[in-house]
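**Student:** Take a look at this one; I'll ask things after.
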Amino acid sequence: PLPKSCCVLVLPGEYSHWHNMRALIDALVDRNHSVTVLVSSSSPTVQHTRKERFDFIVYKVNMTKEEANSVLRDMIHLGTNDTANKYKGDFIVWRVFSNFMAFLTDISKGMFHEDLLHTLRESHYDVLLSDPMMLFPDLMAEKLNIPHVLSMRATFAYVAERLCGQMPAPPSYVPAVALHDHLTDHMSFIERVENMLLYIIHTTIFPLGMNCTISPYVTGKPTTMCETIGKTDIMLIRTYWDFEYPRPLLPNFKFVGGLHCKPAKPLSKDLEEFVQSSGDHGIIVFSLGSMLGNLTLERANTIASALGQMPQKVVWRYNGKTPETLAPNTKLCDWIPQNDLLGHPKTKAFITHGGTNGLYEAIYHGVPMVGLPLWGDQPDNLLHMKTKGAAVVLDISSIQSKDLVDALKTGNNVYTAQKNKMAPHCNTQDPSMGWRRKGLGIWKVGGVGSGFNLAPWILCSAVRTISKNKGNT
């Protein structure tokens with residue numbers, strides 16, 4: 001008989017990545033699985049001192065939380081258009097990367113300390129669940145000799161998925177995920193040539209880092225990151241096939257977009273009063289996510305001026321210096337209950353940076369979007385939404401007040417025509433087929449938007465079958 005519960009070790013990411021992983025952890029705990037989160041003492045996001053339904057194992061590192069937060073945010077800012085001018089000097093770039101390498105060294109020493117590894121081995125975990133923002137999950141799975149489940153979005157030009165995970169991605173019709181994305185599955189000949197060049201560039205650059213030999217003190221033998229990542233048993237992709245372009249997938253790649261989506265909860269008294277004061281015009285929700293720090297004051301003034309021209313009230317997640325052009329209709333908040341605001345009946349639009357968490361919450365609640373992509377996969381995410389008629393996308397580095405005003409007006413009109421087509425996918429629960437791979441039982445449960453049901457079942461079924469197979473050996 002299959003065990004009723006399994007032991008899951010989790011290596012979470014930071015910022016919004018932790019919130020995404022937390023939804024999956026809660027679902028596993030609800031199904032009576034034992035979950036342990038392995039986290040460093042310098043984690044800026046994971047509050048390991050709080051009482052939770054799952055356990056924490058905290059390994060010591062030299063960096064403080066403030067130092068780790070500064071290093072990670074500096075790396076993020078390097079990739080954002082809005083802060084590019086801050087990093088013009090080669091010295092600044094060198095300093096940021098030097099600090100990041102010191103951070104990596106600090107984390108690796110703490111994570112792979114023999115005393116910690118001994119404790120983890122004695123706990124006999126069934127599976128490792130990780131986020132790629134967390135460093136070295138592939139090596140940890142290798143050291144513990146347990147299956148590895150990776151929750152991810154995508155790498156540029158699907159280079160890790162292709163070279164390490166053997167996933168096919170024909171450049172003739174599968175557009176490369178890129179920093180400045182504009183290619184869709186409908187490409188002209190010239191665009192296909194451009195797409196091919198993107199694949200070639202990323203395929204050339206990627207091995208320079210991924211194929212570097214990892215120190216034998218970790219694995220006990222010379223190996224590469226690509227080799228260890230290629231051993232990942234299941235890859236949970238944080239989007240869903242209905243919102244992706246057609247492309248081939250292997251059986252161990254599973255779409256789980258929207259796994260964190262849930263009905264909205266009541267707002268706090270003061271926030272509800274502000275929302276209700278909007279009358280029939282409703283509100284606009286504005287957030288650029290948890291990773292980015294402050295906008296430049298010039299950019300904030302441009303945006304605040306545009307928001308002041310809207311008839312709606314605006315709830316803006318913002319913790320910088322108050323913009324000089326801030327209008328009475330705009331409320332600044334250090335933090336907002338984003339899902340609850342998006343699910344409020346008075347919400348008319350969502351201004352977002354394009355993180356997958358926010359996108360799927362907007363889809364789940366049927367809210368049109370205006371996108372201001374900053375870095376990473378965000379341009380690609382928002383291009384998908386634009387292609388599906390769910391968003392208007394702007395360039396934050398050159399945005400003017402009129403651009404944002406026009407986009408907010410256009411977004412509602414465009415989205416109205418698409419809403420009825422998209423909404424049914426967000427609540428479908430259609431139990432489907434099951435399959436096996438490498439002795440792992442993987443069951444697909446649910447449709448688009450029910451990823452919060454799908455992902456735990458994929459993982460739970462996998463670890464149960466793993467445990468069964470271990471018992472038969």
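The values are calculated or read from the model by the stated rules, or taken from the named source; none is laboratory data. These numbers were taken from a predicted model, which means no experiment stands behind them. FYI the Cβ positions are ideal-geometry reconstructions off the backbone, even for glycines, and counts take in every protein chain you see.
**Student:** Scan (1) modelled with pLDDT under 85; (2) closer than 15 Å to Met140 by Cβ for the single condition Leu2 breaks and write down its number.
**Tutor:** (2)
**Student:** Does Gly230 satisfy the condition of being free of Cβ contacts under 8 Å to residues at least 24 places away in the same chain and surrounded by fewer than 20 Cβ atoms within 10 Å (Cβ to Cβ)? Working first, answer last.
**Tutor:** Working: free of Cβ contacts under 8 Å to residues at least 24 places away in the same chain: no; surrounded by fewer than 20 Cβ atoms within 10 Å (Cβ to Cβ): yes.
No, not satisfied.
**Student:** Would you call Met111 outside the structural domain of Leu372 (by TED's automatic domain parsing) and at pLDDT 80 or above?
**Tutor:** On the way: outside the structural domain of Leu372 (by TED's automatic domain parsing): yes; at pLDDT 80 or above: yes.
Yes.
**Student:** Consider Glu324 carefully, then state whether it is buried (at least 21 other Cβ atoms within 10 Å of the Cβ), on the phi < 0 side of the Ramachandran plot and among the acidic types (Asp, Glu). First the steps, then the outcome.
**Tutor:** On the way: buried (at least 21 other Cβ atoms within 10 Å of the Cβ): no; on the phi < 0 side of the Ramachandran plot: yes; among the acidic types (Asp, Glu): yes.
It is false that Glu324 is buried (at least 21 other Cβ atoms within 10 Å of the Cβ), on the phi < 0 side of the Ramachandran plot and among the acidic types (Asp, Glu).
**Student:** With respect to Gly358, determine if the residue is touching a Ser or Thr at 6+ places or on another chain (Cβ under 8 Å), of a type outside the set (Asp, Glu), assigned by TED's automatic domain parsing to the domain that holds Gly282 and buried (at least 20 other Cβ atoms within 10 Å of the Cβ).
**Tutor:** It is true that Gly358 is touching a Ser or Thr at 6+ places or on another chain (Cβ under 8 Å), of a type outside the set (Asp, Glu), assigned by TED's automatic domain parsing to the domain that holds Gly282 and buried (at least 20 other Cβ atoms within 10 Å of the Cβ).
**Student:** Given the residues Asp280, Asp270, Asp233, which is the only one that is at pLDDT 85 or above, of a type outside the set (A, V, I, L, M, F, W, C) and in contact with a strand residue (DSSP E or B) (Cβ under 7 Å, 6 or more places away or on another chain)? Outline the logic, then answer.
**Tutor:** Details: Asp280 fails: in contact with a strand residue (DSSP E or B) (Cβ under 7 Å, 6 or more places away or on another chain); Asp270 fails: in contact with a strand residue (DSSP E or B) (Cβ under 7 Å, 6 or more places away or on another chain).
Result: Asp233 is the single residue among Asp280, Asp270, Asp233 that is at pLDDT 85 or above, of a type outside the set (A, V, I, L, M, F, W, C) and in contact with a strand residue (DSSP E or B) (Cβ under 7 Å, 6 or more places away or on another chain).
**Student:** Could you check how many residues of segment 342-358 are without any contact (Cβ under 8 Å) to a residue 60 or more places away in the chain and at negative phi?
**Tutor:** The initial filter retains those residues of segment 342-358 that are without any contact (Cβ under 8 Å) to a residue 60 or more places away in the chain, namely 345, 354.
Those left that are additionally at negative phi: 345.
Qualifying residue count, segment 342-358: 1.
**Student:** Considering each residue of segment 359-377, count those that are closer than 19 Å to Met21 by Cβ and without any contact (Cβ under 8 Å) to a residue 24 or more places away in the chain, and give that number.
**Tutor:** 0
**Student:** Also, quick follow-up: Filter segment 153-177 down to the residues that are more than 21 Å from the chain's Cα centre (by Cα), farther than 19 Å from Phe189 by Cβ and polar (S, T, N, Q) and list them by number.
**Tutor:** The one that is more than 21 Å from the chain's Cα centre (by Cα), farther than 19 Å from Phe189 by Cβ and polar (S, T, N, Q): Gln166.
**Student:** A further question follows. Let me confirm something: among Lys348, Lys321, which residue is in a loop (DSSP other than H, G, I, E, B), of a type in the set (D, E, K, R) and not assigned by TED's automatic domain parsing to the domain that holds Asn195?
**Tutor:** On the way: Lys348 fails: in a loop (DSSP other than H, G, I, E, B).
Among Lys348, Lys321, only Lys321 is in a loop (DSSP other than H, G, I, E, B), of a type in the set (D, E, K, R) and not assigned by TED's automatic domain parsing to the domain that holds Asn195.
**Student:** Enumerate the pairs (first residue in segment 384-397 and under 11 Å from Ile351 (Cβ atoms); second residue anywhere and modelled with pLDDT under 85 and in a loop (DSSP other than H, G, I, E, B)) with beta-carbon separation below 9 Å, excluding pairs fewer than 6 apart on the same chain, so at least 6 apart or on different chains.
**Tutor:** These pairs meet every condition: Ile396/Thr80; Ile396/Leu295; Ile396/Leu374.
**Student:** Something else about it: If I ask for residues that are among the charged types (D, E, K, R) and part of a loop (DSSP other than H, G, I, E, B), which ones from segment 359-406 would you list?
**Tutor:** Across segment 359-406, the qualifying residues are Asp377, Lys388, Asp395.
**Student:** What pairs come out if I take residues in segment 47-76 that are closer than 19 Å to His17 by Cβ and assigned by TED's automatic domain parsing to the domain that holds Met21 and pair them with residues that are aromatic (Phe, Trp, Tyr) and at pLDDT 90 or above whose C-beta lies under 9 Å away, six or more apart or interchain?
**Tutor:** His48/Phe56; Arg50/Phe56
**Student:** Report yes if some residue within segment 271-284 is farther than 20 Å from Thr352 by Cβ, outside any helix (DSSP H, G or I) and more than 25 Å from the chain's Cα centre (by Cα); otherwise report no.
**Tutor:** Yes, that holds for at least one residue.
**Student:** On to the next question. Enumerate the helices (runs of 4 or more DSSP H) found wholly within segment 99-193, keeping only those where 1 or more residues are under 30 Å from Asp26 (Cβ atoms) and either in contact with a Leu (Cβ under 6 Å, 6 or more places away or on another chain) or of a type in the set (Ser, Thr, Tyr) (or both).
**Tutor:** Hits in segment 99-193: 114-123, 137-144.
**Student:** What tally of residues in segment 50-59 results from selecting those that are part of a loop (DSSP other than H, G, I, E, B) and aromatic (Phe, Trp, Tyr)?
**Tutor:** Looking only at segment 50-59, we keep the residues that are part of a loop (DSSP other than H, G, I, E, B), and these are 50-54.
Narrowing further to those that are aromatic (Phe, Trp, Tyr): 54.
Here the count works out to 1.
**Student:** Within segment 267-277, is there a residue that is in contact (Cβ under 8 Å) with a residue 40 or more places away in the chain and within 18 Å of Val370 (Cβ to Cβ)?
**Tutor:** Looking for residues that are in contact (Cβ under 8 Å) with a residue 40 or more places away in the chain and within 18 Å of Val370 (Cβ to Cβ), one finds none in segment 267-277, hence no.
**Student:** Filter segment 291-305 for residues that are under 8 Å from Gly320 (Cβ atoms) and assigned to a helix (DSSP H, G or I); which is modelled with the highest pLDDT?
**Tutor:** Ala300
**Student:** If a residue must be assigned to a loop (DSSP other than H, G, I, E, B), among the hydroxyl-bearing types (Ser, Thr, Tyr) and under 23 Å from Phe103 (Cα atoms), how many such residues does segment 1-49 contain?
**Tutor:** Summing the residues that are assigned to a loop (DSSP other than H, G, I, E, B), among the hydroxyl-bearing types (Ser, Thr, Tyr) and under 23 Å from Phe103 (Cα atoms) in segment 1-49 gives 6.
**Student:** I'd like to check something: does segment 385-394 contain any residue that is touching a Leu at 6+ places or on another chain (Cβ under 9 Å), under 18 Å from Asn301 (Cα atoms), surrounded by fewer than 23 Cβ atoms within 10 Å (Cβ to Cβ) and not assigned by TED's automatic domain parsing to the domain that holds Glu14?
**Tutor:** Yes, because at least one residue in segment 385-394 is touching a Leu at 6+ places or on another chain (Cβ under 9 Å), under 18 Å from Asn301 (Cα atoms), surrounded by fewer than 23 Cβ atoms within 10 Å (Cβ to Cβ) and not assigned by TED's automatic domain parsing to the domain that holds Glu14.
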